[in-house]
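Just below is one structure, and these are the notes that go with it.
Derivation of every value follows stated rules applied to the coordinates shown; laboratory data play no part. Quick caveat: nothing in here was measured; it's all calculated off a predicted structure. We place every Cβ from the backbone using ideal geometry, glycine too, and count neighbours over all the protein chains shown.
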Amino acid sequence: MIIIGEKINGTIPRVKKAIEERDEAFIRDLAVKQAEAGADYIDVCAGTAPEVEEETLKWLMEIVQDAVDKPLCIDSPNPKTIEHVLKYAQQPGIINSVSEERNKCEIIYPLIKGTQWQVIGLTCDNRGIPSDVQTRIDIAKILVEKAQKYDISPERIHIDPLVMALATDNQSVQKFVETLVSIKKIFPNVKVTSGLSNVSFGMPLRKVINQAFLTVAIFAGMDSAIMDPCNREMMTTLLAAEAIAGQDRHCRKFSNAYRKGLIGPNKDAAR
Ligand code: THG
């Protein structure tokens, strides 16, 4: 599993405060902790008003890149913002995201043509997020086919089928899995990704639901996840699910993570 660490996000109240106070140490610590916990990419999302988003993202990017060697996942709904901050990245990472909304692809794809940047493609368009599987597959096809015109190969694309809250759509995870399986049938090299927390919106014990979703998504073949790698229970579930899905030869990753103390019951939990 490719882990995209989600914690540097200005929509989280404590992070928002750190951004407002320009608390560099707080952001640096989030980067280091996520890298140590196993993040492959560090998501940076300013979550601020568009006027200050660029300067905030630039500030976040500089701190993270000074603190760790991990590539960034630049998270903004605004393709122009991404265009303007891309030059501050010291190595190629992931752009989060394009979709069929407005002219997002037409702005982002030319920027990453001929580079090693990857991109997350959300299966939504100007009509919003489709509730059916077929429209999501159709949008994913358009995103991948448009990318090919810019020589952006399928391996560089992570499709995010945008799992809905179970509280709103009881079939949400069923539809996610169906979309994932169909996309992989059409484009075997395309990656499928997801945030883990939307699924449990409006429910109690959200983290338990998120873990159950992660297990099912891994079994179905999800390639990357936007998640909190510092959440020990989530990482334990992740490694157990990979072993169960036959993605961990000799269960070596699981055993090594256990020996290093990265997974297992919470330190304060009863044994
Ligand atoms: N898809 C794509 N990008 C995304 C999302 C997605 N970017 C934003 C979001 N969804 C993923 N990022 C977050 C960041 C923080 C939280 C949820 C999603 C969050 N954090 C709590 C906190 O830090 O206080 C709890 C974290 C925890 O312990 O699990 O809720 O879906 N492409």
Once Asp169 and Phe219 are pulled to full extension, the length gained, defined as 0.36 nm per residue separation minus their Cα-Cα distance, is 15.9 nm
Shape box of the chain [Cα atoms, principal axes, largest first, Å]: 54, 44, 36
Computed over region 1-126: relative contact order in percent, which uses C-alpha pairs under 8 Å that are six or more apart: 20
Placing each pseudo-label 7 Å from Cα in the direction of the beta carbon, Asp138 and Asp66 end up separated by a distance in nanometres of 4.9
Pull up all non-local amide H partners of Thr123: gap of 5 or more, or a different chain, and H-to-H distance under 5 Å with H placed in the peptide plane. Asp160, Leu162
Hits among aspartates and glutamates - C-alpha to C-alpha of Lys104 under 12 Å, sequence gap 8 or more where chains match: Glu83, Asp125
With +1 at each Lys and Arg Cβ and -1 at each Asp and Glu Cβ, the charge dipole magnitude of region 11-57 around its Cα centre, to the nearest 20 debye, comes out at 260
For each of Tyr109, Tyr258, count neighbouring Cβ atoms within 10 Å of the residue's Cβ, then give the residues from fewest to most. Tyr258, Tyr109
Ordering of 10-23, 212-225, 146-159 by packing [mean C-beta count within 10 Å, highest first]: 212-225, 146-159, 10-23
Glu55-Lys149 pseudo-label distance in nm [points 7 Å out on the Cα-to-Cβ vector]: 3.7
Listed peptides 66-74, 192-200 by packing density, highest first (mean Cβ within 10 Å): 192-200, 66-74
Excluding residues fewer than 8 places away in the same chain, name every one of the lysines whose C-alpha is closer than 19 Å to that of Lys58. Lys7, Lys16, Lys17, Lys70, Lys80, Lys87
Roughly what % of DSSP beta bridges within the chain run antiparallel, to the nearest 5? 5
Under the rule rounded for a/c under 1.5, else prolate if a/b exceeds b/c, else oblate, using alpha carbon gyration tensor axes a ≥ b ≥ c, region 157-271 is classed as oblate
